[in-house]
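Before any comments, here is the structure.
Only the coordinates and a few stated rules stand behind these numbers; no lab work does. What you see is a predicted model, and the numbers here were worked out from it, not measured in a lab. Positions of Cβ are backbone-derived with ideal geometry, glycine not excepted, and every protein chain shown enters the neighbour counts.
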Amino acid sequence: MRDIELYEARQTGGLLLNANEASEGFSSEVMDRIHQALDAMAFNRYPDDDCTALHQAYAAWAGLQPSQVLAGNGSDAMLGLMIGLFTSRDKPLVTWDPDFSMYDYYASMQEAEIRKVPVGDIQALSAAGRDAGLVVISNPNNPTGLTLSREQIRQILAALPDTPVVVDEAYMDFSDQSMLDEIEDWDNLYVTRTLSKALGAAGLRLGFLVTSDRNMRNIRPYKVPYGVNAFTQAAGTVLLQMADAAKDRIDRICTERDRLYEALKDMNLPVQPSGANFLFLQGEGMEALGQGLEKAGIIVRTWPGKDQIRITIGLPEENDQVLAAIRELTPTERKGTD
């Protein structure tokens, strides 16, 4: 196995803005419904292997058919399934640089070559993907927040008719360029989604693979039996049935993201536009800034030896705390003041 960048699990303690989790838990109404489902659960029995109610709930929420949906233990499990099926020693994986490090992890398990092209370079991605086993990209991109338009995704799909393309839409609830409504239009399109981010269910570990009916008939036999436990199925079904309540929270996160972006720009910090629930800063002094924030009790995503940090968008008061700390830690000349 080749050396890969280890995935950094979240830390505990302090203000946690490093794992792109929601800052708010479930509402009391959702918790009441989950408790009711829990009371009716037979824990001595294996879970529904077909995830029937869960698939129906997700399909209804996303405007799909249940036959186009496959649930897994987080979208990571679905990504691992796809990478396991389509890559090998002679079938490379193609992805952005940078992108979600778990792609590298799963490809290394297959001893597959990993080809990386600069994030956003569609021509380079298409060229590298022509003889690849699989192309996987996150959109919006993690960690940069770059969001390709539907038309740009269509260009990639059209350029690679014989290569499966997975679009990881873990953060698409905070943007508006999803390809879910085009899955029957492209034979090579697969989309992964998660409940961990916008719906605030990271602790459930629940994600989905979505593709055409034809593709799903070929994929479904390879899923792990009983891959989603009974509690996650029940809680996920409740959450999806009540998901409209999350729309206001998503809007608030997007508003806070834009507010934080403008504030950091005003400080002359190297912050990048984002279509996700986080902001990415890359440039001189950013590693030191991340270390300073950690000393102040604010945990953001850092990369040892790299001048870059990623800040999850929190509640308004948490974002105010971040801005106050950054103002204390940022040299006055960078703030544009005398």
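If you average the sequence gap of Cα pairs under 8 Å that are 6 or more apart and divide by the length of the range 28-244, what percent do you get for the contact order?
28
How large is ³J(HN,Hα) for each residue in the range 290-306, as worked out from phi by the Karplus curve 6.51 cos²θ - 1.76 cosθ + 1.60 (θ = phi - 60°), to whole Hz, x for Gly and Pro?
x, 5, x, 5, 4, 5, 7, x, 10, 9, 10, 7, 10, 10, x, x, 10
In a GNM of the chain with a 10 Å cut-off on Cα contacts, which of GLY275, GLY74, GLY203 has the highest mean-square fluctuation?
Taking springs between Cα atoms under 10 Å, the residue moving most is GLY203.
Out of residues 5 or more away from LEU15 or on other chains, whose amide H comes under 5 Å of its own, with H placed 1.01 Å from N in the peptide plane?
Here the answer is ILE298, ILE299, since their amide H atoms fall under 5 Å of that of LEU15.
Given a Förster distance of 45 Å, report the FRET efficiency between GLU29 and LYS295 from their Cβ-Cβ distance, rounded to the nearest 0.05.
Plugging the Cβ-Cβ distance into 1/(1 + (r/R0)^6) gives 0.70.
Just the ratio, please: alpha-carbon radius of gyration of the chain over 2.2 N^0.38 Å, N its number of residues.
1.01
From the phi of every residue in the range 108-119, what ³J(HN,Hα) in whole Hz does the Karplus formula 6.51 cos²θ - 1.76 cosθ + 1.60 yield, where θ is phi - 60° and glycine or proline is x?
Along the range 108-119, the couplings run 5, 5, 8, 6, 8, 5, 10, 9, 10, 10, x, 4 Hz.
In straight Cα distance, which lysines are under 19 Å from LYS91, not counting same-chain residues fewer than 8 positions off?
Cross-link targets: LYS116.
Take ILE83, ILE313, ILE114 and order them by how many other Cβ atoms sit within 10 Å, fewest up front.
Ascending number of Cβ neighbours within 10 Å: ILE114, ILE83, ILE313.
Please give the charge dipole size of the range 28-244, origin at the Cα centre, charges +1 on K and R Cβ atoms and -1 on D and E Cβ atoms. Round to the nearest 20 debye.
400
Can you sort PHE208, PHE280, PHE86, PHE231 by how many other beta carbons sit within 10 Å, fewest first?
Ranked by crowding around the Cβ, least crowded first: PHE231, PHE86, PHE280, PHE208.
Antiparallel DSSP bridges in the chain: what percent, to the nearest 5?
Counting only bridges with both partners in the chain, antiparallel ones make up about 50 percent.
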